[in-house]
1. If B:Val220 satisfies every condition in (1) away from chain A (no Cβ under 14 Å); (2) away from the ligand (no atom under 11 Å from the Cβ); (3) under 18 Å from the mean Cα position of the chain (by Cα); (4) open to solvent by less than 20 Å² (accessible area, probe 1.4 Å) but one, which is the exception?
2. Would it be correct to say that B:Gly337 is farther than 26 Å from B:Met228 by Cα and part of a loop (DSSP other than H, G, I, E, B)?
3. Looking at A:Thr95, A:Thr91, A:Thr76, which one is among the polar types (S, T, N, Q) and either closer than 30 Å to B:Asp318 by Cβ or out of contact with any helix residue (DSSP H, G or I) (no Cβ under 9 Å at 6 or more places or on another chain) (or both)?
4. If we keep just the residues of region A:47-88 that are charged (D, E, K, R) and open to solvent by less than 20 Å² (accessible area, probe 1.4 Å), which is farthest from B:Asn311 (Cα to Cα)?
5. Just a yes or no: is a residue in region B:291-299 assigned to a helix (DSSP H, G or I), within 13 Å of the ligand (Cβ to nearest atom) and within 14 Å of chain A (Cβ to nearest Cβ)?
6. All but one of (1) assigned to a loop (DSSP other than H, G, I, E, B); (2) facing chain B (nearest Cβ under 9 Å); (3) open to solvent by less than 30 Å² (accessible area, probe 1.4 Å) hold for A:Ala108; state the number of the condition that does not hold.
7. Applying the selection to region B:84-104, what residues are within 16 Å of the ligand (Cβ to nearest atom) and either open to solvent by 80 Å² or more (accessible area, probe 1.4 Å) or in contact with a His (Cβ under 9 Å, 6 or more places away or on another chain) (or both)?
8. Is there any pair with a first residue in region B:398-423 that is more than 14 Å from chain A (Cβ to nearest Cβ) and within 16 Å of the ligand (Cβ to nearest atom) and a second that is assigned to a helix (DSSP H, G or I) and of a type in the set (S, T, N, Q) whose Cβ atoms are under 6 Å apart and which are 6 or more apart or on different chains, and what are they?
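The values are calculated or read from the model by the stated rules, or taken from the named source; none is laboratory data. It should be emphasised that the depicted structure is a prediction, and the values quoted were computed from it without experimental measurement. Glycine also receives a Cβ, built like all others from the backbone with ideal geometry; neighbour counts cover every protein chain displayed. Just so you know, the surface numbers come from the protein's heavy atoms only, side chains and all, with ligands and any DNA or RNA stripped out. Shrake-Rupley method; radii C 1.70, N 1.55, O 1.52, S 1.80 Å.
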Amino acid sequence: MSRLTACIDAVKAANRKVLIPYLVAGDPDADTTVALMHQLVSDGADVIELGMPFSDPSSDGAIIQLGAERALRQGTGLHTVFGIVSSFRKTNHTTPIVLMGYLNPLEAIGYDSFVTQAADAGADGILIVDLPVSEAQSLLALTRPRNLDMIFLVAPTTTESRLDAICENSSGYIYYVSLKGVTGAAIIDTGEISERVSALRQRTMLPIVVGFGIKDTASANAMAAISDGVIVGSALVQKIGELTDSGKRDGAAIAGSTALIKQIRQSLDA
Amino acid sequence: MSALETVVPGAAPGTVPDTIASTGQDQFSGPDVHGHFGQYGGVFVGETLMAAVEELDRVYRKLSKEPSFWQAFDHDMKHYVGRPSPLYYAERLSKQFGGAKIVLKREDLNHTGAHKINNTIGQALLAKYMGKPRIIAETGAGQHGVASATVAARLGLECHVYMGAEDVQRQSANVYRMKLMGANVIPVTSGSRTLKDALNEALRDWATNVDNTYYIIGTVAGPHPYPMLVRDFQAIIGREARAQSLQEYGRLPDALVACVGGGSNAIGLFHPFLRDSDVAIYGVEAGGDGVETGRHAAPLSAGKPGVLHGNRTYVMSDANGQIMETHSVSAGLDYPGVGPEHAWLKDIGRANYVSVTDTEALDAFRMLCRLEGIIPALESAHGLAYACKLAATMRPDQFIVVNLSGRGDKDIHTVAKIDGITV
Ligand SMILES: Cc1ncc(COP(=O)(O)O)c(C=O)c1O
């Protein structure tokens, strides 16, 4: 069993909801990203989605685009991302890390090299936004033997015929996209999401977590109530962006930028 | 050569080609059902857009088998666009080089002044059939934006055009033309503020408004089925040129030359000649300050296979896989990717891809103005510049068809500025 599956099973067994913050590797810099990850764990994160910055993030809204631009200005590349993961793993052996990004950087270094380095560094899952299941077979052939989970998105627009292929090829969890649009937009219809998540449950035993548009305790509670957990991205990246503005990197500043995750944890556990 | 053999040489690191192109009659009948040309093409978009892309594929496959669809297209091509466009022997220009005849396929004479309208007329028919009231488009030079605003006005559709903030500056006349026709022009300030960023922004809009919106992509890029359907609409250029060559010269041309931005005017000219193995094919990329300087927009000449904007193709990216900024005097060629069919034609050796610099393109621009009384688009001037070099190496009994993809009215400010003149 993968570290990711074991972790989520344990959270579910304890009757809790999975909380997954997303941050961009290298924003504001590599060392601070590692510090932020440890802080997120102490705030109550179960899993961490670590964004691999890309120059052309066409599925992301303005907030995450700016986060990626900040990271790229620091010269963040895949080697930086792997470095962040292995540094985090020096002291944390339990919190699963999912690397989330776009395909071209993987094409540039080669899938084989990517998978080997990701696994060696201590990553647990991979989510490539612009890689649909139909094009993912050559990557899946490499991730499976290394016990890396491949996570795919299900969107409100996903057709019946695609659902089975997605469920069959996914492991770890299924990422349900709460809205039509890009990251950071606002959730409109909780009722519809609830119906879609229930329908998805009929097809898969995998945990289903909801992301896109979760920005406060209210939206987190609403989405967690109908799923196994939530992913919080833009709202956190926005806060982390303030570290660049202020130039501060001390413990208090770091804890301040992740305070929302702590609040959401408390609210989910209440 | 079997199609399978053609796939392997340029295989991207770490990728195993899942499928090969030739499932039809011969190797040029691609893409396959998954949109692959060899290892290139395919569908690489976020899950939110997958259903829309699959629906478009279904609709196009159905409609493109119906003769009435093509009758409607041809009717508009004739009565609205003004086709067929002439094949014009540029005699004085040719005489300068003492070699092959240079013959121009006059896409600059189309309504709205470029080949872009061939594609927007076709895609507007699809939008109408699919009942989408809202159209979005990206544009670089503004020609595709204008062509999209044009068809939207004609069909009474809402139209939003994404344009890099830098391009809004350098192509202000086209911005105004779009506005005159009722389109909303949205300057894009993210990333490098040029065509690739306009494409990103259009994809974000599409994901947000996918239910009521049709995205008219302006070139043979994007996810399948776009590279296929845009090519099919632009192939009218090559079909006409082929028939006109036979009629006027009694034989096929010795060579074809076209500029390559995303590659739509080029594939439109080339495709109907792919099976004519005696016809040499040259695609001309934007060399900017020179490919060796790194300041250019020539992915086929200096890039490597990767994935950008929905398809696998040659892209300009750095060692980390980040897309690089491009440089060209011509806004319409300022793009770090290229249509996947070109990537495949390069690998199998059916077409040659070369580049010319900004300076060479500007020289050709001026020469055509002075010798033939035709002001070409700066994009087209790239093709012309290479054709002049090529002609000099060929015999006077040979002829080259150059795609004069657009007219240069939109570029006079750019050229005047280089000359230090304010108009
Ligand atoms: C006149 C003209 N030619 C060529 C191009 C390049 O596009 P493509 O390579 O798709 O033909 C453009 C793009 O704006 C254009 O306006």
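1. Among (1) away from chain A (no Cβ under 14 Å); (2) away from the ligand (no atom under 11 Å from the Cβ); (3) under 18 Å from the mean Cα position of the chain (by Cα); (4) open to solvent by less than 20 Å² (accessible area, probe 1.4 Å), the lone unmet condition for B:Val220 is (2).
2. Answer is no for this residue.
3. None of the other options fit; the residue is A:Thr76.
4. Result: A:Glu49.
5. Yes, there is a match, as at least one residue in region B:291-299 is assigned to a helix (DSSP H, G or I), within 13 Å of the ligand (Cβ to nearest atom) and within 14 Å of chain A (Cβ to nearest Cβ).
6. Every listed condition holds for A:Ala108 apart from (1).
7. Once the filter is applied, which keeps residues that are within 16 Å of the ligand (Cβ to nearest atom) and either open to solvent by 80 Å² or more (accessible area, probe 1.4 Å) or in contact with a His (Cβ under 9 Å, 6 or more places away or on another chain) (or both), region B:84-104 yields only B:Ser85.
8. Close Cβ pairs (under 6 Å, with a partner that is assigned to a helix (DSSP H, G or I) and of a type in the set (S, T, N, Q)) amount to B:Asn403/B:Asn265; B:Leu404/B:Ser380; B:Ser405/B:Asn265; B:Ser405/B:Ser380; B:Gly406/B:Gln143; B:Gly406/B:Ser380; B:Lys410/B:Asn174.
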